[in-house]
Amino acid sequence: MTGSQGTARTVTRRTVVAAVGGAGLTVALAACGTDDPAQSAEVPPAGGGAGAGGGEPGAGGGTVLAKTADIPEGGGMVVGDVVVTQPEPGTFKAFSSKCTHQGCAVKGVSEGVITCPCHNSLFDANDGSVKGGPATAPLPPASITVEGDTIRLA
């Protein structure tokens, strides 16, 4: 080699395999969930508009989640990152739809219970508290308003 050719660098197969393995491990660890509610995705806290027929006149502007008629009594509906429930006639609540166990989206709401299909965690549709594990933390509340027959994010 002459001085103008530069220095040759050799990358061994061991170096390439180690780099690819390290990148794969990083991706796998990042995909793992957490049981720590402080590290879970947060939804805005519940406000005064989550009660029966709540909401202030003209306080709209949030994203429309559903019509009150869409939410069955004792049941609910998942809308994006939020699950809206009607635990009692005319009372509407909302929570994050991400299970606090490993972040799966909850699916079903019936007979006052929100169910996560991944590991069968159960949450109370009235307050988001855990009714059955493996989840140990409640679903974080979401702030909604009810104006007439429309349920909106607050």
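Structure above, values below:
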item	result
Long-range HN-HN contacts of residue 131 with modeled amide H, under 5 Å	122, 123, 124
Under-5 Å amide H pairs with residue 65, H placed in peptide plane, nonlocal only	151, 152, 153
For peptides 95-102, 77-84, sequence by mean Cβ density within 10 Å, most packed first	95-102, 77-84
The range 99-154 - accessible surface per residue (Å², probe 1.4 Å)	43
Percent carbon-and-sulfur accessible area, the range 94-154, ignoring ligands, DNA and RNA, probe 1.4 Å	49
Contour excess over end-to-end distance, with Cα ends at residue 107 and residue 126 and 0.36 nm allotted per residue	5.2 nm
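The values are calculated or read from the model by the stated rules, or taken from the named source; none is laboratory data. As the structure is a computational prediction, the values presented were derived from the model and not from experiment. When we count neighbours, we look across all protein chains shown, and the Cβ atoms used for this are built from the backbone with ideal geometry, even at glycine. These accessible areas exclude ligands, DNA and RNA; they are computed on the full protein's heavy atoms, side chains included. Shrake-Rupley method; radii C 1.70, N 1.55, O 1.52, S 1.80 Å.
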